[in-house]
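Remarks on the structure that follows.
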Amino acid sequence: MATNRTFTMIKPEAVAKGYTGKITDMIIEAGFTIKAMKLKQLSKEAAGEFYAVHSERPFYGELVDYMSGGPIVAMILEKDNAVADFRALIGATDPAEAAEGTIRKAYATSKGENAVHGSDSDENAEIESNFHFSAEEIVG
Ligand code: UDP
Ligand code: MG
């Protein structure tokens, strides 16, 4: 598999609980290189836009409130097979279903407050990276 990139956020409850360092360690230990990284707080509008694909889902309002409720850490990550390998590293959406050794198994609180985001395709990784980072903020 060719080297490619994915996008992640450490979500507000995980940042608030002090898991930023531990989660970042797991990401680096798994072989990902950080190409961009920042702490930021999303407005409700920005969180709503980021998750617009879920706007018809019953959990959308709660998701937008949660994701704009405190700082997140956004990152662009590079690795061979980055998108699929990162989804494997984070585990299932619901931590009750996440495998041992995954970030969500270790650090997620619930299906909603599940510690990390991971892009689901190369195309969305690019869109999501560009949503959060300008070209100058990304290392070669
Ligand atoms: N989510 C939720 N309830 C659900 C499904 C999803 O609150 O029943 C939230 C959760 O924070 C999840 C996000 O919405 O991470 C996006 O959902 P998706 O199905 O894309 O899950 P993911 O790709 O993050 O595993
Ligand atoms: Mg998703």
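Here are some notes:
- The residues I10, I127, I23, when put in order of fewest to most other Cβ atoms within 10 Å, stand as I127, I23, I10.
- When +1 charges are put on Lys and Arg Cβ atoms and -1 charges on Asp and Glu Cβ atoms, the dipole computed for the chain relative to its Cα centre reaches about 400 debye.
- For R87, R57, R104, the sequence from fewest to most other C-beta atoms within 10 Å is R57, R87, R104.
- Whole-number D in µm² s⁻¹ for region 90-140, Kirkwood Cα-pair radius fed into Stokes-Einstein, 10 °C, 1.306 mPa s: 129
- Alpha-carbon centroid distance for the pair region 1-58 / region 66-116, whole angstrom: 8
- Scaling against 2.2 N^0.38 Å puts the C-alpha radius of gyration of the chain at 0.97.
- Least to most buried among E97, E56 (fewest other Cβ within 10 Å first): E56, E97
- Beta bridges per DSSP with both ends in the chain, % antiparallel, nearest 5: 100
- Dipole magnitude (debye, nearest 20) for region 14-62, charges at Cβ of Lys, Arg, Asp, Glu: 180
Every read-out reported here was derived from the displayed coordinates using simple, explicitly stated rules and does not represent laboratory data. Because the structure is a prediction, the values reported are computed rather than measured. Every residue, glycine as well, gets a Cβ built from its backbone with ideal geometry; the counts of neighbours run over all protein chains shown.
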